[in-house]
1. Quick check: is even one residue across segment 397-414 in a helix (DSSP H, G or I), under 15 Å from Val340 (Cβ atoms) and open to solvent by less than 20 Å² (accessible area, probe 1.4 Å)?
2. Just checking, which of Ala267, Ala291 is of a type in the set (A, V, I, L, M, F, W, C), free of Cβ contacts under 8 Å to residues at least 40 places away in the same chain, touching a strand residue (DSSP E or B) at 6+ places or on another chain (Cβ under 6 Å) and under 19 Å from His91 (Cβ atoms)?
3. Pull up segment 33-70, narrow it to residues that are more than 26 Å from the chain's Cα centre (by Cα) and open to solvent by 60 Å² or more (accessible area, probe 1.4 Å), then point me to the one that is nearest to the ligand (Cβ to nearest atom).
4. Does segment 199-211 contain at least one residue that is assigned to a helix (DSSP H, G or I) and either surrounded by 21 or more Cβ atoms within 10 Å (Cβ to Cβ) or touching a Leu at 6+ places or on another chain (Cβ under 9 Å) (or both)?
5. Can you give me the ranges of the strands (runs of 3 or more DSSP E) entirely in segment 86-183 with at least 3 residues that are among the aliphatic types (A, V, I, L, M) and buried (at least 23 other Cβ atoms within 10 Å of the Cβ)?
6. Please pick out the residue among Glu333, Glu358, Glu279, Glu325 that is buried (at least 21 other Cβ atoms within 10 Å of the Cβ) and of a type in the set (D, E, K, R).
7. Tell me which residues, restricted to segment 93-123, are touching a Ser or Thr at 6+ places or on another chain (Cβ under 9 Å) and touching a residue at least 24 places away in the same chain (Cβ under 8 Å).
8. If a residue must be of a type in the set (Asp, Glu), open to solvent by less than 70 Å² (accessible area, probe 1.4 Å), assigned to a helix (DSSP H, G or I) and closer than 15 Å to Thr187 by Cβ, how many such residues does segment 212-261 contain?
Amino acid sequence: MPISGSEIVKMLPGKKPCKDCGFPTCFAFAMKLATGGTTVDKCPYLAQEVKVKLEDLLAPAIKLVTIGSGDDKVQIGNEEVIYRHEKTYIHPTGIALLISDKESEAKVEEKIKKIKELQFPWVGLTLKAELIALNFESGDKNRFLSLVKKAMGSTNLGMILISQDLDTLFSARDICADRRPLLYPITKENIDQAIPKIKANPTPIGVRGGSIEELVPLMMKLKEAGVDEAVLDPGSKNLMEAIKDQTFIRRAALKQGFRPLGYPTIAFPCFMAKGGLKEILTASVFINKFAAIIVLSDFDQYSLLPLLVERLNIYTDPRFPMAVEEKCYEIGEPDENAPVLITSNWALTYFIVASAIEATRVPSFLCVKDAEGLGVLTAWAAGKFSGDSVGAMIKKSGIESKIKNKKIVLPGRVARIKGELEDELPGWEVVVGPREAAGIGTFLPEYVKTLRR
Ligand code: SF4
């Protein structure tokens, strides 16, 4: 549970104030600390035990865990709310593809190819699975280590290493430690042996208990040993139990501030449902209820895409509409006779209009006005797509130096700003275009002919 500024201020030294933290008073510093705007170490006068206590109180209720490295790293945890409508979810569920070392070489190749190639462009984003889970099943340590090397060499993706045999697990970790793999499972049977090995070269771990009750002492032991980057597997036996466990862990962390359960969770639809539609439906439940990582035995475009879209919907911040950057986009290779069109920066509007232009094969400039992520008509109604502001954006964009005919196509739905826009852009002609993007296919090829004449 977050600590308030007024609670923090009671723990501060309350010097004159000295302002050494960069804030005018201890109270101002405390308020900033409470909202995450500064760090405890900025006050040099805190006693060590107060510093440690404050850092603990200010730590996120659910630990941030990073798997992988570089551009392909996956971050999970740090969530602040149980229900998405309370604020927003922050780090989307990581989706992993399971590869067993018992699978044939051809199958391994196929799966690696699949996870690399199954990517879906979606309103300016690329939707994809982002983790590989490598499972030691063969009993042949060298075979598993070869699989780890192969996965390392073939992709930059984050990895989950699964092995009941600790020696094999840590040998695999040593091959790819730079990639920060998640090591799974750490259990009550192997935890004492595992702790020194984890500490020797820290990477995230997956802790599995037979139940939530069993997880708690394991997490306390790890914390005591200074091992804190973990994900939880409560060992749920079936889907009903899993929903109950996932919800319990989330509530305990966020509502009760119960630190031993303040970690993201991992779920294995691959082991619970074993393939087919049932596995994908199970995965879908876990995306909703609150797994930070799900591991799938296999997928194709038809099963993966619905999960990716579901995840996108749940993890898109509902407080902000999806928007694209304000600028003049080039579609095709527009020359000085190319048409110039204007629209608003709601991502959906942009992509529908851009796709309609692309379909005509008429190279064009599409200028996008920042309307705080609203569609054209809504933006106009809210005063964010007026002749003044669109004109100012066009002047600032530099588009004028790229074209010969100073003409701009205005969406038909906001034809009423034509006069205002012409006043703002002296020397320009404002042409009223189609009301809907669907009309661009007919409009644009004819319009470009007039420009070229
Ligand atoms: Fe207060 Fe510490 Fe800031 Fe000084 S440095 S004003 S004691 S919080």
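1. If we filter segment 397-414 for residues that are in a helix (DSSP H, G or I), which is where we start, we get 397, 399-402, 412-414.
Remaining after also requiring under 15 Å from Val340 (Cβ atoms): 397, 399-402.
Now restrict to residues that are open to solvent by less than 20 Å² (accessible area, probe 1.4 Å): 399.
Yes.
2. Values: Ala291 fails: free of Cβ contacts under 8 Å to residues at least 40 places away in the same chain.
Only one candidate qualifies: Ala267.
3. Applying the first criterion (more than 26 Å from the chain's Cα centre (by Cα)) to segment 33-70 yields 40-54.
From the residues that got through so far, the ones that are open to solvent by 60 Å² or more (accessible area, probe 1.4 Å) too are 41-42, 44-45, 48-49, 52-53.
Working: Asp41: 11, Lys42: 7, Pro44: 6, Tyr45: 5, Gln48: 14, Glu49: 16, Val52: 16, Lys53: 15 Å.
Per the stated criteria, the residue is Tyr45.
4. No, the conditions are met nowhere in segment 199-211.
5. Working: elements: 94-100, 119-122, 125-128, 131-135, 158-162.
Because the criterion is at least 3 residues that are among the aliphatic types (A, V, I, L, M) and buried (at least 23 other Cβ atoms within 10 Å of the Cβ), the strands (runs of 3 or more DSSP E) in segment 86-183 that meet it are 94-100, 131-135, 158-162.
6. Values: Glu333 fails: buried (at least 21 other Cβ atoms within 10 Å of the Cβ); Glu358 fails: buried (at least 21 other Cβ atoms within 10 Å of the Cβ); Glu325 fails: buried (at least 21 other Cβ atoms within 10 Å of the Cβ).
Result of the check over Glu333, Glu358, Glu279, Glu325: Glu279.
7. Leu97, Leu98, Ser100, Asp101, Lys102, Val108, Ile112, Ile115, Lys116, Phe120
8. The first filter runs over segment 212-261 and keeps only residues of a type in the set (Asp, Glu), leaving 213-214, 224, 228-229, 233, 241, 245.
From what is left, the residues that are open to solvent by less than 70 Å² (accessible area, probe 1.4 Å) are 214, 228-229, 233, 241, 245.
Applying the additional criterion that residues be assigned to a helix (DSSP H, G or I) yields 214, 241, 245.
Among the residues that remain, those that are also closer than 15 Å to Thr187 by Cβ are: 214.
The qualifying residues number 1.
The values are calculated or read from the model by the stated rules, or taken from the named source; none is laboratory data. These numbers come from a predicted model, not from an experiment. Here Cβ is always computed from backbone atoms with ideal geometry, including for glycine, and neighbour counts include all displayed protein chains. Please note that ligands, DNA and RNA were not included when accessible areas were found on the heavy atoms of the full protein model with its side chains. Shrake-Rupley method; radii C 1.70, N 1.55, O 1.52, S 1.80 Å.
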